[in-house]
Amino acid sequence: MLGGGSLFMWREFLGPQARIIGVDMNPNAKKWESEGFEIYIGNQSDELFWQDFKKQVGRVDVILDDGGHTFEQQIITTEMLLDIINDHGMLVVEDTHTSYMDGFGYRRFSFLEYVKRFIDKINQRYSEFDNTVADQRVWSIQTYESFVAFHINRNASNLISERTDNGGEYDSAEGYRYSDNQALKSLDVLVRKLNFLKYIPGIKWLDAKARSYFIVRKSKRRLKKYFSSDS
């Protein structure tokens with residue numbers, strides 16, 4: 001931001017009435033305030049800086065992180081600023097390819113590893129899961145080559161996610177979702193023959209565990225190639 005080019009680019013794109021705020025570590029960047037921009041000097045890895053920044057700035061529509069690109073900078077900036085973004089706004093982090101490069105931090109705690117964990121937290125909102133580890137701050141995440149966009153919609157993020165009944169008529173139709181798994185088909189036959197088992201406490205849990213075992217055994221070898229570093 002110090003050279004000012006991005007500030008003027010966004011003014012040209014958004015129009016002269018847009019409120020454009022810049023953050024830089026170099027105090028000389030304050031010179032751009034004479035051009036009508038709001039400039040804050042601080043380290044994006046400093047949580048205390050962001051706390052003070054939020055008190056002064058208030059709510060915003062879009063945040064663009066094009067800073068130092070270290071994992072610490074990217075993750076702390078995201079964590080500290082998600083709560084000030086208005087609904088239907090977004091936070092965009094640039095140059096996320098540094099997650100695969102040396103010199104930007106401990107790779108196990110890279111920004112994209114953080115994003116993967118965030119995706120897990122979004123999916124934990126499903127009502128049958130332990131949603132104490134879920135995250136309602138972000139509605140969705142889009143990933144592009146070298147970019148990640150966090151979309152904010154708090155109303156949608158806080159909806160109860162649960163199964164629904166579409167009102168269809170139950171006609172005892174045979175399901176084919178596991179038709180390629182002979183072990184599961186045999187299990188279904190056994191369950192139908194021993195219908196009384198459904199009255200045994202804990203049988204649903206045991207049935208689910210059994211099905212999970214057969215699905216894992218069948219698919220592990222077939223899917224492994226898609227998780228290989230060579231794929």
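The values are calculated or read from the model by the stated rules, or taken from the named source; none is laboratory data. Computed from a predicted model, the values in this text were never measured in an experiment. Here the Cβ positions follow ideal geometry from the backbone for every residue, glycine too, while neighbour counts run over all protein chains shown. SASA here: full protein model, heavy atoms, side chains in, ligands and nucleic acids out. Shrake-Rupley method; radii C 1.70, N 1.55, O 1.52, S 1.80 Å.
Just give me the residues in region 90-112 being in a helix (DSSP H, G or I) and open to solvent by 30 Å² or more (accessible area, probe 1.4 Å), in sequence order.
97, 100, 107, 108, 109
Could you tell me whether any residue of region 154-166 is among the basic types (Lys, Arg), more than 18 Å from residue 67 (Cα to Cα) and at pLDDT 90 or above?
yes
When you look at residue 28, is it within 29 Å of residue 155 (Cα to Cα), in contact (Cβ under 8 Å) with a residue 12 or more places away in the chain, out of contact with any helix residue (DSSP H, G or I) (no Cβ under 9 Å at 6 or more places or on another chain) and not hydroxyl-bearing (Ser, Thr, Tyr), yes or no?
Against the criterion (within 29 Å of residue 155 (Cα to Cα), in contact (Cβ under 8 Å) with a residue 12 or more places away in the chain, out of contact with any helix residue (DSSP H, G or I) (no Cβ under 9 Å at 6 or more places or on another chain) and not hydroxyl-bearing (Ser, Thr, Tyr)), residue 28 does not qualify.
Looking at residue 150, is it part of a strand (DSSP E or B), under 22 Å from residue 85 (Cα atoms) and modelled with pLDDT of 60 or more?
The answer is yes for residue 150.
Taking the residues in region 113-147 that are among the hydroxyl-bearing types (Ser, Thr, Tyr) and in a strand (DSSP E or B) as candidates, determine which candidate is farthest from residue 76 (Cα to Cα).
Per the criteria, the residue is 126.
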